[in-house]
Amino acid sequence: MATVTNWVEHLTASEVAGSVYPYVGTELWWVLAGIIFWLWWTISTATGEAEEQQKLARKKHGANDYKSNIPEW
Amino acid sequence: MDNELTALTTIFTEFYYWMTVVLMFLIHVGFCMYEVGASRYKHHQHTLMKNTLLIPLVTITWFFFGWWIYWAFPTGPGISASIMTESTGLILGGGFGANELANPTNALMAINLNDHIMGVFWAAFLLFSWTAASIVSGAVIERITTFAFGIMAIAIGSVFWTIDAAWGWHFDGWMVRELGYHDAYASGVIHAICGGFALGILAVLGPRIGKFSSSGEPRNIGPRNPWLVCVGLFLIYTGFWGFYAACNIPIFDLGPEYGMEGTTFFTATNIYVTPTTLSGITMNFLLSLAGGLLMGYWVSKGDPFWTYSGGLAGIITSSAGNDLYHPMQALLIAAVGTWCAYKLHYFVERRFKIDDAVGAVAVHGYAGVVGLVICGFVLWGYPSSGYDGYAAINPIGMIVGAVIMFGLLGFLPGWILAKILHSAGKLRIPRDVELAGLDYNIMEQARKDERAVASTNR
């Protein structure tokens, strides 16, 4: 929903409204959506990281094994 | 300048654009580091030189005709009447005519004590042009000839992007007036067009040797130095601050501009001369970056190249509407665009055997297109301009705009030019040179020099 539909009318109003972003009045919902995104990302990446590290740990590589994996492009 | 306030405003504006040029220079430093890091050792020097040479090539052609095109083509020509000349023809004269502002033979295109803005504004746009050519440069590394890339750099940097800027990134552009096209920080006019142009070239150029197995499975090649790639991308972020600032007019009184009698309203504006604030876009820039980085990390499972590229893709996706979005909208839009760019990159690579060496088509092209489409929905109904007679921002206009940017002015010219150069045998380096490495002779000579010096020292 457009907050501004005509710039001339908006800027000549008796009191110019400063907020011009879309859906003024729904800030709480947008912030909640942002928080949900952040929490989802945190949980999802933490789970993925743990799984990956468990897989790696099961292979029991030695401390210097990585040296044979350095690419020479 | 006959009073202190006018002088202060003028010289502030002059210095503001000058600073944007300095900051945007870092974009090119970043691109050079990024490409050298992504290329293999045997191609390093040619890769660096290819990207470096676009600087002088685009600069001189931008002086000769690129800037002129921007001021002459807002009407199409022949599509929509200019609000300045009320004609649909090329804008060649009058107060804002190309002849007066951007004709390289005009006295204004030099040091002129009556004009403090033209040169820095010309330079800010030139740095956009370098960026345009540099976006294409990364995708085609290790197999395009320097000659062919020079032609392509001039085509995208001084011709096609400036046409799209005249159409959709100009207060008098026909796409703004007729379609309600809105692209404040260039999701389409820089990024989508360059992604499309790169894809057009790649479709003809073909993949690097060894990129696909005999059964068509894609393989990863490099990067030689992932950390140089990451620092390069970090520098591109840094330069992007200058890019965002350069897309604004820092101080403008909209009262007389919009014909509002008795009203004074000083503000920063975007390129369409509609109001925004540098403060607000700073928040949106950072939240876009955050959304892209988070999604890039997640979707690529922690790959540093795609995490950094995700940050860039996030900014690019939100850029079309970042003059108006709420910061949380910028965050979420950036995340969506980054996810789409990553998925589309691998889909196109597998399905069409396209070898985009640095993901430029995805990060710039697909993210730019997604950003334009989302902007059409989120800003639906907003005025595209403060002047009378302009269409409001709407989804159809933005989708048509995305097709024009990515397809008509991006992919098509890139594909046609590549076909012409390919048929002339000038597009791709010989297979044996690609295998040996573009720098083979340089490295061989360096090795001889090293041995000669070592034997002298014994």
**OP:** Inspect the range B:325-344 for any residue being within 12 Å of chain A (Cβ to nearest Cβ) and in a loop (DSSP other than H, G, I, E, B) and give the result as yes or no.
**Re:** yes
Original post:
Out of (1) of a type outside the set (A, V, I, L, M, F, W, C); (2) closer than 14 Å to B:Met328 by Cβ; (3) touching a strand residue (DSSP E or B) at 6+ places or on another chain (Cβ under 9 Å), what's the single condition that is false for B:Thr267?
Top reply: (2)
**OP:** Would you mention how many residues in the range B:207-216 are away from every other protein chain (no Cβ under 14 Å), in a loop (DSSP other than H, G, I, E, B) and within 18 Å of B:Gly359 (Cβ to Cβ)?
**Re:** 1
Original post:
So which residues in the range B:109-153 are without any contact (Cβ under 8 Å) to a residue 24 or more places away in the chain and in a loop (DSSP other than H, G, I, E, B)?
Top reply: B:Ala110, B:Ile111, B:Leu113, B:Asn114
Original post:
Any idea which of B:Thr9, B:Thr20 is surrounded by fewer than 18 Cβ atoms within 10 Å (Cβ to Cβ), under 23 Å from B:Ile271 (Cβ atoms) and among the polar types (S, T, N, Q)?
Top reply: B:Thr9
Subject >> Residue satisfying all of: in the range A:12-68; surrounded by 10 or more Cβ atoms within 10 Å (Cβ to Cβ), among the small types (Gly, Ala, Ser) and more than 23 Å from B:Gly296 (Cβ to Cβ); nearest to the other protein chains (Cβ to nearest Cβ) among these >> reply: A:Ser19
**OP:** Filter the range B:391-402 down to residues that are surrounded by fewer than 24 Cβ atoms within 10 Å (Cβ to Cβ) and farther than 22 Å from B:Trp339 by Cβ and give me whichever is nearest to the other protein chains (Cβ to nearest Cβ).
**Re:** B:Ala392
Original post:
Only one of these conditions is not met by B:Asn114: (1) surrounded by 15 or more Cβ atoms within 10 Å (Cβ to Cβ); (2) over 27 Å from the mean Cα position of the chain (by Cα); (3) under 27 Å from B:Leu8 (Cα atoms). Which number is it?
Top reply: (1)
**OP:** Answer yes if at least one residue in the range B:350-360 is away from chain A (no Cβ under 14 Å) and among the aromatic types (Phe, Trp, Tyr), and no otherwise.
**Re:** yes
**OP:** State whether one or more residues within the range B:301-320 are touching a Leu at 6+ places or on another chain (Cβ under 7 Å) and in a loop (DSSP other than H, G, I, E, B).
**Re:** yes
**OP:** Have a look at B:Arg219, B:Arg224 and point out the one that is facing chain A (nearest Cβ under 9 Å), of a type in the set (D, E, K, R) and at negative phi.
**Re:** B:Arg224
Subject >> Qualifying residue in the range B:443-458 (condition: surrounded by 11 or more Cβ atoms within 10 Å (Cβ to Cβ) and either within 21 Å of the chain's Cα centre (by Cα) or of a type in the set (Val, Ile, Thr) (or both)) >> reply: no
Original post:
Somewhere in the range B:277-288, is a residue without any contact (Cβ under 8 Å) to a residue 40 or more places away in the chain and outside any helix (DSSP H, G or I)?
Top reply: yes
Subject >> Checklist (1) at pLDDT 90 or above; (2) in contact with a Phe, Trp or Tyr (Cβ under 8 Å, 6 or more places away or on another chain); (3) not hydroxyl-bearing (Ser, Thr, Tyr) applied to A:Asp65, failing item >> reply: (2)
Original post:
Just one of the numbered conditions (1) of a type in the set (Gly, Ala, Ser); (2) within 30 Å of B:Ile209 (Cβ to Cβ); (3) not in a helix (DSSP H, G or I) is not true of A:Ala2; which one?
Top reply: (2)
**OP:** Keeping to the range B:272-323, report how many residues are more than 11 Å from every other protein chain (Cβ to nearest Cβ), surrounded by fewer than 24 Cβ atoms within 10 Å (Cβ to Cβ) and aliphatic (A, V, I, L, M).
**Re:** 3
**OP:** May I ask you to say which residue of B:Leu379, B:Leu409, B:Leu372 is surrounded by 19 or more Cβ atoms within 10 Å (Cβ to Cβ), within 14 Å of chain A (Cβ to nearest Cβ), out of contact with any strand residue (DSSP E or B) (no Cβ under 6 Å at 6 or more places or on another chain) and at pLDDT 95 or above?
**Re:** B:Leu379
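The values are calculated or read from the model by the stated rules, or taken from the named source; none is laboratory data. What you see is a predicted model; the values in this text were computed from it and never measured. Heads up, the Cβs are rebuilt from the backbone with ideal geometry, glycines too, and the neighbour counts pull from every protein chain shown.
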